[in-house]
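One structure is given here, and the rest of the page talks about it.
None of the figures in this text is laboratory data; all of them are computed from the coordinates on show. Given the structure is predicted, the values throughout are model-derived calculations rather than measurements. We place every Cβ from the backbone using ideal geometry, glycine too, and count neighbours over all the protein chains shown.
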Amino acid sequence: MHICSTGSPARAATAETIGSWGLPMITSGGRPVEAAIIDPTSPQILGEHLICAAHEAPLTEADAEFFGPDTIGRAQTLAQAGFLRERASGFVPAHAEDYPAGRVALRSASLDNFALIDSSSGEILGTIEAARAYSTVHDGAIYLHLGRAYLVLELDLDARRAILEPFTGNYFTQTKSESMTYIERVLETRDTHGVRLSYGEVVYSETVLGYQRKSMQDQTVIDFQSLEMPTTEFSTRALWYELDAVIGGPLGAAGPLAGSPAEAFPADQLLGSLHALEHGQIAVLPLIAMCDRWDIGGLSTNAHPQTGGPTIFIYDGHPGGIGITRRGFDAFDRLVMDAQRLIGECPCSDGCPSCVQSPKCGNLNDPLSKRGALELLRRMQSA
């Protein structure tokens with residue numbers, strides 16, 4: 001979500017309406033509804049907002065009241081990048097004839113987008129962030145737009161466009177990818193539920209390797225198609241937690257899952273258990289923060305190179321971050337309880353799309369251990 005400046009009064013309205021982290025809770029008849037989330041300190045959101053504001057009136061230190069204490073520092077960075085220039089009156093656009101608000105995408109936090117074009121009519125259906133394009137509108141992908149299915153005929157990387165045609169077939173696609181999350185800066189950390197929970201800035205990288213075609217009727221795999229795609233990398237914000245204490249120290253041999261947190265967790269079931277827990281928490285985070293499941297992503301590993309142990313990451317899927325995972329960090333207790341309820345109350349035996357399977361999993365939902373995820377959650381709740 002963006003708040004775009006449209007006039008000098010917007011400066012005052014911005015500070016009064018969104019405060020420092022998000023829109024106020026709206027109520028209907030005294031009952032809370034959606035908690036709209038926005039992070040006005042996101043580099044992408046703040047940068048675009050400052051450029052638009054500078055077009056209306058020079059930016060000065062007085063504007064820190066509306067845009068936060070980093071206003072001038074960010075304006076200096078934008079000046080070095082060629083978007084603003086500093087004058088005696090303050091920071092102004094580098095190109096006086098420019099109209100920056102016209103470039104701001106209200107549905108995206110990124111300036112780098114691909115156009116979605118209907119091949120039959122030439123109509124532009126919409127746009128999609130480059131960070132998501134490689135995994136959702138690659139050649140051969142089935143893409144849903146406003147409830148209609150389209151087959152992607154071509155993803156043109158140079159022209160920044162995807163050519164689609166209406167699709168009436170009986171299969172869907174799911175990508176397989178390699179990904180990694182690197183911690184850049186820890187902003188906050190605390191110990192809770194037997195884990196070390198952190199929130200901060202990360203860099204996410206992903207390389208799409210190929211995609212499966214799966215039957216709509218029974219989700220059986222039809223085939224796998226390889227792809228050669230460039231690696232996507234962007235900075236964002238994330239919550240992550242380290243589970244060394246929860247798994248009971250050194251990884252043990254395979255054995256019964258039940259036991260106290262001091263018992264070593266079975267090594268052969270750990271990765272699938274972490275993976276299933278990650279999916280469960282991603283599934284319930286939209287209940288806490290107003291977002292779509294596709295606005296967030298995750299990564300789970302039994303040995304992250306920076307933390308040195310088993311770690312689960314949940315990150316904002318938009319470059320710069322928009323405050324979604326910050327909400328998850330603040331409400332982590334509920335994130336744990338809701339995931340336990342979702343997974344534990346699902347009647348399936350081994351995990352299904354209603355609990356731990358994800359339609360956007362880059363590992364094609366393998367490995368997953370529903371039973372192991374429930375044991376991790378039990379240990380976290382009892383810690």
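At R0 = 41 Å, how high is the FRET efficiency between Glu263 and Leu144 if r is their beta carbon distance? Nearest 0.05 is fine.
For R0 = 41 Å, the calculated efficiency reads 0.40.
Could you give me the ³J(HN,Hα) list for the range 278-284, computed from phi with Karplus coefficients 6.51, -1.76, 1.60 and θ = phi - 60°, whole Hz, x at Gly and Pro?
Coupling constants for the range 278-284: 4, 4, x, 6, 5, 5, 9 Hz.
For a quick check: sort Thr192, Thr127 by the number of other beta carbons within 10 angstrom, fewest at the front.
Working: Thr192 13, Thr127 18.
Least to most surrounded, the residues fall as Thr192, Thr127.
Treat each spin label as a single point 7 Å out from the Cα along the C-beta direction, and report the Asp118 to Thr220 distance in nm.
Rounded to a tenth, the inter-label distance reads 3.5 nm.
Relative contact order of the range 111-243: what whole-number percent is it, with Cα pairs under 8 angstrom and at least 6 residues apart?
19
Among 265-274, 329-338, how do they line up by average Cβ neighbours within 10 Å per residue, starting with the highest?
Details: 265-274: 21.4, 329-338: 18.4.
Packing order, densest peptide first, comes out as 265-274, 329-338.
Mind listing the long-range amide H neighbours of Thr192? Cut-off is under 5 Å, sequence gap 5 or more, other chains count too, H placed in the peptide plane at 1.01 Å from N.
Residues meeting the criterion, in which the H sits 1.01 Å from N, are Leu197.
Within the set of other residues whose C-beta is less than 11 Å from the C-beta of Leu299, count the net charge using Lys and Arg as +1 and Asp and Glu as -1.
Result for the local shell: -3.
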